[in-house]
Amino acid sequence: MAAGEQNAVALGSDHARGMAIMTIAMLILPLMDVIGKWLATVDQLSPGQIALSRFAVQFAVLVPVVCISLGVRSLRPKHFWANMLRGALLGLASLFFFVAVKYMPVADAIAVFFIEPLILVALSAVFLGEQVGWRRRIAVFAGFVGALIVIQPSYALFGPISLLPLCTAFLFSFYLILNKRLSIDDDPVVMQYVAGAGATVTLGIAVLGGTWLGMQDMTPAMPHYTVSWLLLVIVGLLSAGGHLMVVQAFRYAQASLLAPFQYFEIVTAATFGLLLFGDFPTLSKWLGIAIIIASGLYTFWREREVRSGETD
């Protein structure tokens, strides 16, 4: 086999590995949102408190992991402040989403959030220099139309709250862009430990400020159920493990190639939303979801065509 063919096989293998890791991560991460909704609606914990607990646990778990596996010197990555920014973006994205799922069905919130892979494709062209031609730009626009179809009935029911998953999508897109840039030089475990620190600091300030201002969704409360303490820890563990897999996936494959795999989140979200809360997207929302997913799948297909040598 020629050297060029060997490189092509290796590259394809890396892409397949990245896609497999991304798929598993996307099936796991929505459990975090389902648990967050239960804690907020059943035990009346504030979304700010849940988000802060998520990243405090992530930070506490990953610090000893970094020290044991990589050494104490690894606690400071090559791009410390950029990774702290990643954490701040992810922390705010998590806060917005936990507020959204407190009031909205989990599947509805994730359906609006589904615009994120298309935002990521657009941003990857600007910040990563990845080629995005006119066909994929049209797909991004179609995805926004699908998001608006989902948002419209949700806005009538929940008001501005229904726009929070859209804010989450923008913040998470920038977080993933930084993933791609920083994962070249920094270890994934180190990146997530620092992200946990950045998110904990950011959300700690937000919770203190929100409590001082009397904001109910930011003010901490004592859990009523013993199981709630365990669930708060589980949210942090899911966060640490799931996002470690996301970072690892981005080491193997391009951002625009991995973007459509985030649609697997609807499987877990719709299933547990129905089983635990009796929530299920309406027909109009499924139409919007279908448009968004079709746009993302077209983007994925177009990426493969471009890689095979066609012009975009």
Quiz item: Within the range 184-205, how many residues turn out to be touching a Pro at 6+ places or on another chain (Cβ under 8 Å) and among the hydrophobic types (A, V, I, L, M, F, W, C)?
Solution: 3
Quiz item: Restricting attention to the range 141-163, which residues are crowded, with 22+ Cβ neighbours inside 10 Å and farther than 22 Å from residue 102 by Cβ?
Solution: 143, 146
Practice problem: For the range 243-284, name all the residues that are open to solvent by 60 Å² or more (accessible area, probe 1.4 Å) and within 18 Å of residue 149 (Cβ to Cβ). | Solution: 280, 282, 283
Practice problem: Report yes if some residue within the range 154-165 is within 22 Å of residue 243 (Cα to Cα) and out of contact with any strand residue (DSSP E or B) (no Cβ under 9 Å at 6 or more places or on another chain); otherwise report no. | Solution: yes
Self-check item: Checking residue 18 against (1) modelled with pLDDT of 90 or more; (2) in a helix (DSSP H, G or I), the condition it does not meet
Solution: (1)
Practice problem: Would you check if residue 51 is open to solvent by less than 10 Å² (accessible area, probe 1.4 Å) and in a helix (DSSP H, G or I)? | Solution: yes
Quiz item: In the range 208-240, which residue that is free of Cβ contacts under 8 Å to residues at least 12 places away in the same chain and under 12 Å from residue 35 (Cα atoms) is surrounded by the most Cβ atoms within 10 Å (Cβ to Cβ)?
Solution: 227
Exercise. Scan (1) under 29 Å from residue 56 (Cβ atoms); (2) β-branched (Val, Ile, Thr); (3) open to solvent by less than 50 Å² (accessible area, probe 1.4 Å) for the single condition residue 289 breaks and write down its number.
Key: (1)
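Only one of 296, 273 is modelled with pLDDT of 75 or more and touching a Phe, Trp or Tyr at 6+ places or on another chain (Cβ under 8 Å). Can you tell me which?
After ruling out the rest, the residue left standing is 273.
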Quiz item: What are the residues in the range 60-91 that are under 13 Å from residue 204 (Cα atoms) and open to solvent by 10 Å² or more (accessible area, probe 1.4 Å), if any?
Solution: 88
Quiz item: Do you know which residues across the range 164-186 are among the hydrophobic types (A, V, I, L, M, F, W, C), under 17 Å from the mean Cα position of the chain (by Cα) and open to solvent by 70 Å² or more (accessible area, probe 1.4 Å)?
Solution: 170, 174
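It is to be established whether one or more residues within the range 236-255 are closer than 23 Å to residue 28 by Cβ, in a helix (DSSP H, G or I), over 17 Å from the mean Cα position of the chain (by Cα) and modelled with pLDDT of 90 or more.
Checked against the condition, which is being closer than 23 Å to residue 28 by Cβ, in a helix (DSSP H, G or I), over 17 Å from the mean Cα position of the chain (by Cα) and modelled with pLDDT of 90 or more, the range 236-255 yields no hits at all.
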Practice problem: Report yes if residue 217 is outside any helix (DSSP H, G or I), closer than 19 Å to residue 101 by Cα and acidic (Asp, Glu), otherwise no. | Solution: yes
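The values are calculated or read from the model by the stated rules, or taken from the named source; none is laboratory data. Being a predicted model, the structure only gives us computed values, none of them experimental. Cβ coordinates were reconstructed from backbone atoms using ideal geometry, including for glycine residues, and neighbour counts include every protein chain displayed. The area values use the complete protein model at the heavy-atom level, side chains included, leaving out ligands, DNA and RNA. Shrake-Rupley method; radii C 1.70, N 1.55, O 1.52, S 1.80 Å.
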